[in-house]
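The values are calculated or read from the model by the stated rules, or taken from the named source; none is laboratory data. As the structure is a prediction and not an experimental result, all values here were calculated from the model. Ideal geometry is used to build each Cβ from the backbone, glycine not excepted, and the neighbour counts take in all protein chains shown.
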Amino acid sequence: MTKTPPASPCRKPLRTLDPTANAVKILITGGDGQLALALARALRSAHELTLVSRRELDITDAAACQRWIGHVRPDVVLNAAAYTAVDRAESEVDLAFAVNCDGPGHLARACAGVDALLVHFSTDYVFDGHPSQRRAYREDDATAPLGVYGASKLAGEQAVASLCPAHLIFRLSWVYSNDGANFYKTMLRLAGERNELRVVADQWGVPNYAADLAATIARIATLPLDELRARRGVYHLSATAENPDHGVSWHAFATAIVAGAGLGNRVAVTPINTSDYPTAARRPAFSVLDGERARKTFGLNLPDWRDALIRCLAARASTR
């Protein structure tokens, strides 16, 4: 893993714009992940963009963070680098915290040093999803992560908020796309191999297409930087569901994926309980995020999750 940027000057931006254009200089970390790739697609046509992979910038290396940000001197850093192996985190505690807590802290210090805005992405797993929760989670609801992954992401939020005055933290849930590894792609793969999928039906959230999240971030990035700095804090970004306080089960999401792929007549999607599918990490039974604060603050709406899934499946079909 390369911990230092290439010899100066570092990698050229993906696009250099007319200096009279309404553009900002953006650095995206975690450049080989599904969210970073979606962000790059959404932003590259209108901004001066530098996308770095984990091999190029290991955010757990404080000195490397300082070198990259000091050299690029971005207006905005989008931190899409994360440790996302929820179950493995239970046995790789130090690594999970190094990437999800220490790394964002290093970026926050470096951003503060050049007066850059740090946009950091967190997770619905900062909540415990207790059965008593009867409505979508708001930003000021008490956090209580059930596992190492959620705890490390919450610690990362706290590091960013304390070390970088100009920050936006967006909590996301159930992110999927045609890139990388995710639940949606796993269901499609298994549906091509099996006649039956057994999927948990007692965990509830809202699926979010990475392309829609990225388009939303791209719209926010067009706002004046002074306005964004004034609106610092934590926000929930989420697609909409028929019942915003109920959400969607993993089983319902899997059923929609299989049907949307034209496999519903061949593959049965059977509901099971969480207890039927034991995992190393406990997961919240309910982690629907209330996106009202983001909608009011930034004047935006994410589409219905079913509409997003249709577009994701269409994008997959167009590349096959």
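Structure above, values below:
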quantity	calculated
Within region 191-206, tally of residues that are of a type in the set (A, V, I, L, M) and under 24 Å from the mean Cα position of the chain (by Cα)	4
In region 202-241, residue farthest from Thr297 (Cα to Cα) [restricted to those that are charged (D, E, K, R) and touching a residue at least 12 places away in the same chain (Cβ under 8 Å)]	Asp202
Residue match in region 268-287 (condition: under 27 Å from Asp141 (Cα atoms) and in contact with a Pro (Cβ under 7 Å, 6 or more places away or on another chain))	yes
When residues of region 235-274 are limited to those that are modelled with pLDDT of 95 or more and of a type in the set (S, T, N, Q), the one nearest to Ser177 (Cα to Cα)	Ser238
Search result, residues across region 60-110 that are in contact with a His (Cβ under 9 Å, 6 or more places away or on another chain), among the β-branched types (Val, Ile, Thr) and over 22 Å from Arg232 (Cα atoms)	Thr60
Positions within region 265-306 being exposed (fewer than 13 other Cβ atoms within 10 Å of the Cβ) and without any contact (Cβ under 8 Å) to a residue 40 or more places away in the chain, in sequence order	Asn265, Ser275, Pro278, Lys296, Gly299
Residues located in region 144-195, provided they are surrounded by fewer than 19 Cβ atoms within 10 Å (Cβ to Cβ) and among the hydroxyl-bearing types (Ser, Thr, Tyr)	Ser162, Thr186
Options Arg138, Arg171: the member that is touching a His at 6+ places or on another chain (Cβ under 6 Å) and either at pLDDT 95 or above or more than 19 Å from Leu35 (Cβ to Cβ) (or both)	Arg171
Residue within region 220-241 that is surrounded by fewer than 15 Cβ atoms within 10 Å (Cβ to Cβ), in contact with a strand residue (DSSP E or B) (Cβ under 7 Å, 6 or more places away or on another chain) and farther than 30 Å from Ala108 by Cβ present	no
